[in-house]
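Inspection log for the structure reproduced underneath, given as structure tokens.
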Amino acid sequence: MLFRVARPALQRVATTSIRPAQSNNYATLREIEGRLKSIKNIEKITNTMKIVASTKLARAQRAMSESRTYGQTSNTVFDKAETKPLEGGKTLIIVSSSDKGLCGGIHSQITKAVRRKLLETPDADLVILGEKCKAQLSRSSAKNIVMSFANVGKDLPTFAEAQTIADQIFQLEKDYDNIEVVYNNFKSAISYEPGSAYAFSEETIKNSANFTAFEIEDEQLVNLREYALANTIFWALSEGHACEISARRNAMDNASKNAGDMINRFQILFNRTRQAVITGELVEIITGAAASEDS
């Protein structure tokens, strides 16, 4: 009776002990072949995305250069007027990001820069352009978000798009003394860091030290303020778009290189496993033939 009960357990132990060690330490040839196939498909995708990003980067850099010229020229007026943010005034931070990922950590570094600014001015309101930074900032600063925009960064930014965003911001209930736009500043094809640009209220512009040097009527200050904000947003969107395309190209290049390294490693593992299987089969054939001759 005891022997009948213990027989299945003994059979399982015996089966486990005589199972080849290769199946415990190495994947089967079919599993390795399937993994190789999937990695090669991923490499094709990343290479294609790298080529597409490289093609878009030239257009994005041209658009960025044009928008940067307009933005810097617009800010020249405030620089010569020595316009500075009002201390203790209501502050609005406009965060320029996009809806797309697969571009490294450019959205994360913008989020970190905004969080540092919120430590200095915790009562500041946030307007977020793009879903990436919105998802990150919603975890820690949801109460500061007063408006957000989706479908940003799908194509080259236009001034009409920036003007629409500025119009929506001016329709907010609060009147902000200081508006700061935080964006990714394009340094080179592999270097970009968070930057900021300011847009000022009418009162701040009037209180500028050298404002009287410019013959600007009070009725025109409203138009100047709206144009300056739209121009700054357009500059920030264009800079951020160029940074995103460049970062995506670099990320896809690194992914393709990593996929190539994995393919080489798995190809070596496949060849070694295949040789081990063939050697095992030859040993079995030779052993069987020798046993048949002895018998």
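Every read-out reported here was derived from the displayed coordinates using simple, explicitly stated rules and does not represent laboratory data. Just so we're clear, the structure is a prediction, and the values are computed from it rather than from any experiment. Here Cβ is always computed from backbone atoms with ideal geometry, including for glycine, and neighbour counts include all displayed protein chains.
In this rough spin-label picture, where each label sits 7 Å from Cα along the Cβ direction, the residue 261-residue 99 distance is 3.5 nm. Computed from the Cβ-Cβ distance with R0 of 25 Å, the FRET efficiency linking residue 86 to residue 140 stands at 0.40.
Projecting the Cα positions of 108, 251, 144 onto the charge dipole of the stretch 45-252 (unit charges on Cβ atoms of Lys, Arg, Asp and Glu, taken about the Cα centre) puts 251 furthest along the positive direction.
Using DSSP, restrict attention to beta bridges with both residues in the stretch 45-252 and report what percent are antiparallel, rounded to the nearest 5. Counting DSSP beta bridges with both partners in the stretch 45-252, the antiparallel share is about 40 percent. Once the Cα-Cα distance is subtracted from the 0.36 nm per residue extended length, the residue 55 to residue 218 segment shows a gain of 54.0 nm. For the stretch 243-259, the Karplus equation 6.51 cos²θ - 1.76 cosθ + 1.60, evaluated at θ = phi - 60°, returns couplings of 5, 5, 5, 5, 5, 5, 4, 5, 5, 5, 5, 5, 5, 5, 5, 5, 5 Hz by residue, with Gly and Pro reported as x. Remark: the stretch 45-252 carries a charge dipole of roughly 1500 debye about the Cα centre, counting +1 on each Lys and Arg Cβ and -1 on each Asp and Glu Cβ. Working value for the stretch 62-154: equivalent-ellipsoid semi-axes of 24, 21, 11 Å, each the square root of 5 times a Cα gyration tensor eigenvalue, largest first. Placing unit charges on each Cβ (+1 for Lys and Arg, -1 for Asp and Glu) gives the chain a dipole about its Cα centre, and among 168, 228, 38 the Cα reaching farthest toward its positive end belongs to 38. Among the trypsin sites (Lys or Arg not before Pro) within the stretch 169-210, those in coil by DSSP and having at most 12 neighbouring Cβ atoms inside 10 Å are 174. Against the compact-protein benchmark of 2.2 N^0.38 Å, the Cα-based radius of gyration of the stretch 45-252 scales to 1.03. Under the combined filter of DSSP loop state and at most 15 neighbouring Cβ atoms within 10 Å, the stretch 190-295 retains these chymotrypsin sites (Phe, Trp or Tyr not before Pro): 214. Here residue 119 and residue 175 are evaluated by their C-beta separation; at R0 = 30 Å the FRET efficiency comes out at 0.80.
3J(HN,Hα) along the stretch 202-212: 5, 5, 5, 5, 5, 7, 5, 5, 10, 5, 5 Hz, from the Karplus curve 6.51 cos²θ - 1.76 cosθ + 1.60 with θ = phi - 60°, whole Hz, x for Gly and Pro.
Taking GluC sites (Glu not before Pro) in DSSP loop conformation with at most 13 other Cβ atoms inside 10 Å as exposed sites, the chain has its longest uninterrupted site-free stretch at 88-172.
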